[in-house]
Amino acid sequence: MRTYLPLLLLVFSLPALAHPGHGADSFQAGFFHPLTGLDHLLMLTGAGVLSALSGRKLLMPLATLGMMLTGAIAGSLFGGFSGMETLIVASLAVCGVMMFKTENRLLLAVPALAMFHGWAHGVEMAGHSFWLFTSGFMLASAAVLCVSFGAGLLLRRHDGIRKTLGGGLIASALLALMS
């Protein structure tokens with residue numbers, strides 16, 4: 001089964017479809033987006049697992065949340081830019097690569113790239129709905145980070161599964177780039 005998991009993840013992976021065009025007008029839309037937007041779910045899962053594997057207990061989850069909020073605010077103030085989707089895809093690839101060597105100094109690139117997940121939503125959110133959507137988005141993101149941190153603690157003893165997860169993240173990033 002472990003041999004086929006990256007292929008299975010590749011089949012079900014989607015390009016970064018989270019931006020723009022989904023509802024961004026309520027707390028509920030914000031809350032469900034990190035759970036249903038595959039690019040966000042994979043990036044958050046990768047960040048939580050990497051945090052547990054690296055031993056940096058709260059640094060990565062808090063930095064990831066902080067950078068996503070910073071990105072959302074920046075996106076609402078400054079708008080979009082060319083290459084934003086590529087940076088979102090890069091976050092998946094970096095998370096995947098880091099699964100193979102968690103002691104890497106590039107580990108903090110994960111929260112930095114997470115900023116662009118927030119930025120994309122800041123671009124599409126309008127006035128009064130910005131804080132409704134963002135509060136739901138941040139709450140669900142924190143929950144995914146917590147659950148994936150717990151999973152990461154279990155993966156410390158399962159090198160093969162960790163590397164399979166990394167391969168799946170890399171495959172998802174490659175599929176998104178090809179789309």
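Excluding Ser91 itself, what net charge comes from residues whose Cβ is under 14 Å from its Cβ, given Lys and Arg +1 and Asp and Glu -1? Walk me through the numbers on the way to the answer.
Numbers: positive: none; negative: Asp39, Glu85.
My count for the surroundings of Ser91 gives -2.
In whole Hz, what ³J(HN,Hα) sequence does segment 77-85 give by Karplus (6.51, -1.76, 1.60; θ = phi - 60°), x for Gly and Pro?
With coefficients 6.51, -1.76 and 1.60, one gets 7, 10, x, x, 8, 5, x, 4, 4 Hz.
Could you tell me whether segment 120-179 comes out rounded, prolate or oblate from its Cα gyration tensor? Rule is a ≥ b ≥ c as square roots of the eigenvalues, rounded for a/c under 1.5, then prolate if a/b exceeds b/c, otherwise oblate.
Because a/c hits 1.5 or more and a/b fails to exceed b/c, segment 120-179 counts as oblate.
Please work out the Cα center distance from segment 87-146 to segment 34-77, rounded to the nearest Å.
4
At a 10 angstrom cut-off on C-beta neighbours, averaged per residue, how do the peptides 89-98, 44-53, 57-66 rank from highest to lowest?
Those peptides, ordered most packed to least, come out 44-53, 89-98, 57-66.
Return one whole number: the accessible area per residue of segment 110-165 in Å², for a 1.4 Å probe.
Each residue of segment 110-165 exposes 43 Å² on average to a 1.4 Å probe.
For segment 45-113, what class follows from the C-alpha gyration tensor (a ≥ b ≥ c being the square roots of its eigenvalues): rounded when a/c is under 1.5, otherwise prolate if a/b is larger than b/c, else oblate?
It comes out oblate by the Cα gyration axes.
Using a 1.4 angstrom probe on heavy atoms only, work out the carbon and sulfur share of the accessible area of segment 74-179 in %.
On the way: 3490 of 4930 Å².
Exposed carbon and sulfur together represent 71 percent of the surface.
When a/c reaches 1.5 or more, the comparison of a/b and b/c decides; with that in mind, is segment 105-145 rounded, prolate or oblate per its Cα gyration tensor?
oblate
For segment 51-179, with the dipole built from +1 on Lys and Arg beta-carbon atoms and -1 on Asp and Glu ones, taken about the Cα centre, which of Leu69, Val97, Ala112 lies farthest toward the positive end?
Most positive-ward Cα: Val97.
The values are calculated or read from the model by the stated rules, or taken from the named source; none is laboratory data. Fair warning: this is a prediction, and the values are worked out from it, not measured in the lab. Note: ideal-geometry Cβ built from the backbone for every residue, glycine included; neighbour counts use all protein chains shown. Accessible surface areas use protein heavy atoms only, side chains included; no ligands, DNA or RNA. Shrake-Rupley method; radii C 1.70, N 1.55, O 1.52, S 1.80 Å.
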